[in-house]
Amino acid sequence: MAEIFLDTSVSLDTLDTYDQEKQSRARNTVRRVAEQDTPVISTQILQELYMASTSKLGVEALLAKSIIHSFENSEDLNPGQIIRGVRIENPLQS
């Protein structure tokens, strides 16, 4: 498995409801990386994601914080759990 770095633009596009085609591509990309590789996201990207999502996309601060915490606590994800429309799956689980 390769480590794949997720940048701000891809992360932000997953939340962008103004361009649903771009949002869908971004979500599919993140989902594919999560299933096939090891996604990596830095603290700086999380900070940029919070700032851009609240200022540019109008995401409410509490929701943005919840999304950021879901990245920070990714080891607590459970198969079948759905976060912002993305279903968590464990590819190693039958």
Taking only pairs six or more apart or across chains, which ones have beta-carbon atoms under 9 Å, a first residue in segment 1-26 that is without any contact (Cβ under 8 Å) to a residue 12 or more places away in the chain, and a second residue that is of a type in the set (D, E, K, R) and in a loop (DSSP other than H, G, I, E, B)? Lys22/Asp16; Gln23/Asp16
Is it fair to say Gly80 is over 23 Å from Ser9 (Cβ atoms), in a loop (DSSP other than H, G, I, E, B), out of contact with any Leu (no Cβ under 6 Å at 6 or more places or on another chain) and modelled with pLDDT of 70 or more? yes
Could you please find all residues in segment 15-36 being among the β-branched types (Val, Ile, Thr) and within 23 Å of Thr54 (Cβ to Cβ)? Thr17, Thr29, Val30
Quick one: is Thr29 modelled with pLDDT of 95 or more and part of a helix (DSSP H, G or I)? no
Taking Leu46 as the residue in question, decide whether it is under 19 Å from Ile88 (Cβ atoms), surrounded by fewer than 16 Cβ atoms within 10 Å (Cβ to Cβ) and of a type in the set (A, V, I, L, M). no
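The values are calculated or read from the model by the stated rules, or taken from the named source; none is laboratory data. Given the structure is predicted, the values throughout are model-derived calculations rather than measurements. Virtual Cβ from ideal backbone geometry, glycine too; neighbours counted across all protein chains shown.
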